[in-house]
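Data block below; observations after.
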Amino acid sequence: MKLYIFTLDHLSTVQKGIQAAHVVAELMNDDSHPEHDRDVTEWATDHKTIIMVKGGNHESMIRLLGQAQNQNLPHAYFVEDARTLGGLLTAVAILVRPNDYYTSTGLVNQIQHAQMVVV
């Protein structure tokens, strides 16, 4: 299992790392998808692999989040408050499980070929 974290392109490297920490916290505290709890716990206990990926602009991040929701992939997102960054969606985390490589359409393929963030 791998956790792919997409962050806004225009953030600095340090900001991307902070947003990644925020979205991992959101993933671990999310109770809205109990069907994903076991997978998230397994990732956090046994795998811990995080891949930072360029998320593009705000619009592309919203589109990515929508795709993760539509495909029912374990995911989380982080939105900064209006005072800090104007309510921007700054990070999306998507947990890709082994079976997702075979059963999910487009999005997992897109994730595998996304450009990683160089830090």
Can you run down the residue pairs with Cβ atoms below 6 Å, 6 or more apart or on separate chains, where the first is in the range 35-56 and more than 18 Å from Leu73 (Cβ to Cβ) and the partner is exposed (fewer than 11 other Cβ atoms within 10 Å of the Cβ) and polar (S, T, N, Q)?
Lys54/Gln115
Every listed condition ((1) at pLDDT 95 or above; (2) exposed (fewer than 12 other Cβ atoms within 10 Å of the Cβ); (3) charged (D, E, K, R)) holds for Asp81 save (1)
Given the residues Ile5, Ile18, which is the only one that is assigned to a helix (DSSP H, G or I), under 12 Å from Thr90 (Cβ atoms) and of a type in the set (A, V, I, L, M, F, W, C)?
Ile18
Can you name every one of the helices (runs of 4 or more DSSP H) wholly within the range 28-101 that holds 3 or more residues which are farther than 16 Å from Tyr4 by Cα?
58-70, 82-85
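The values are calculated or read from the model by the stated rules, or taken from the named source; none is laboratory data. On a predicted model such as this, the values are computed, not experimentally measured, just so you know. Here Cβ is always computed from backbone atoms with ideal geometry, including for glycine, and neighbour counts include all displayed protein chains.
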